[in-house]
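Visitor: First the structure, which I've put down as structure tokens, then a few questions once you've had a look.
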Amino acid sequence: MPIVVKYEVVGMSAVKYDGIMRELAAAGLEHPDGRAYHVCFGDKEGLQVVDVFESPAKLEAFGAKLMPILQKYGVSARPDVLGEAHGAVVGV
């Protein structure tokens, strides 16, 4: 069952987010295995992230690759699994 994850992100500006996304893309991780949805939102100097992953194992596998990149940018992100997803509506 998919899980909804809200990260407690500290130190991520829009500039840092864009750099992190470029590094993930260069590493072939822009669309990591098991991630169904990704949303980045909030103030441009204090962005936050919500993801939906297929499973806790897929989240952990991606996190192991993501954390060194975040550290390079001085960003910390602690995942908080909000629960299992019951359903989703995509598009209009």
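Visitor: Please give me the summed charge of the neighbours of Pro2: other residues whose Cβ is under 15 Å from its Cβ, Lys and Arg +1, Asp and Glu -1. Show your work: numbers first, answer last.
Guide: Working: positive: Lys6, Arg35, Lys58; negative: Asp33, Asp51, Glu54, Glu60, Glu84.
Net local charge, Pro2 excluded: -2.
Visitor: Could you work out the local net charge near Arg78, counting Lys and Arg as +1, Asp and Glu as -1, over the other residues with Cβ closer than 14 Å to its Cβ?
Guide: On the way: positive: Lys6; negative: Glu8, Asp51, Glu60, Asp80.
Net charge around Arg78: -3.
Visitor: In whole Hz, with x marking every Gly and Pro, tabulate ³J(HN,Hα) for the range 16-30 from phi via Karplus 6.51 cos²θ - 1.76 cosθ + 1.60, θ = phi - 60°.
Guide: 5, 4, 4, x, 4, 5, 5, 5, 4, 4, 5, 8, x, 10, 4
Visitor: Still on this structure, please answer the following. Fully extended, how many nm does the chain gain between Gln48 and Leu82 (0.36 nm per residue separation, minus their Cα-Cα distance)? Could the numbers behind the result be given before it?
Guide: Values: separation 34, 0.36 × 34 = 12.24 nm, distance 1.46 nm.
Stretched fully, the Gln48-Leu82 segment lengthens by 10.8 nm.
Visitor: Taking Cα atoms, how many degrees apart are the long axis of helix 56-72 and the longest axis of the chain, rounded to 10 and kept between 0 and 90?
Guide: With rounding to tens, the tilt is 10 degrees.
Visitor: What's the extension gain from Asp33 to Tyr73 if we count 0.36 nm per residue and subtract their Cα-Cα distance?
Guide: Values: separation 40, 0.36 × 40 = 14.40 nm, distance 2.29 nm.
That pair, Asp33 and Tyr73, stretches by 12.1 nm at full extension.
We did not get these values from a lab; they are worked out from the coordinates using the rules stated. Predicted model, so just to flag it, every value in this text is computed and none were measured. So basically every Cβ, Gly included, is an ideal-geometry build from the backbone, and we count neighbours across all protein chains shown.
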